[in-house]
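Everything below concerns the one structure shown next.
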Amino acid sequence: MGLFLTDSLKNLEQSKFAAELNSDERKQFFVMANNIFEKISVYFHMNQQDLFKDKNSLETQLCFYKISEGNKKIFGHENSFLTASLFNTDCESVLYGYYRTDTWKYQNDLDGEKIRGVLNLFEENSK
């Protein structure tokens, strides 16, 4: 798969939420998450591991947002618990990041521009 952070994978695999996934859902989730980590880290010129260091950073919250959006396609809902398990954080942090990103993407400031820039990376591939 190429997913790089073994500690995060262990957190996810040990969660009760991952245990409920069938093998196809699990594979789709890992492929989707890896794609998100790769694109966001390249966009911000950072190491992928840095996405896991600060749950309040814009980059990490963009991961929360894109993984939640990907979860909707796989599971039919955001599945914040699964994302929280991957990042070894709580659902409140994931939800805050999701709604912050969703709200701030319309702002006409630098954060809004960054958010739209990252989200455009994913829209180009879906066309």
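Laboratory data are not the source of any read-out in this text; all were calculated from the coordinates shown. As the structure is a computational prediction, the values presented were derived from the model and not from experiment. All Cβ positions, even for glycine, are placed from backbone atoms using ideal geometry, and neighbour counts span all protein chains on display.
Extension gain, Asn108-Asp24: 0.36 nm per intervening residue step, less the Cα-Cα distance, totals 26.3 nm. With a Förster radius of 41 Å applied to the beta-carbon distance between Asn47 and Glu92, the computed FRET efficiency rounds to 0.95. Net charge dipole, segment 53-109: roughly 160 debye, given to the nearest 20, about the Cα centre with Cβ charges of +1 for Lys and Arg and -1 for Asp and Glu.
Model label points for Val31 and Tyr99, set 7 angstrom from Cα along the Cα-to-Cβ axis, are 3.3 nm apart.
Taking label positions 7 Å along the Cα-Cβ direction at both His77 and Arg116, the computed distance is 3.3 nm, reported to one decimal.
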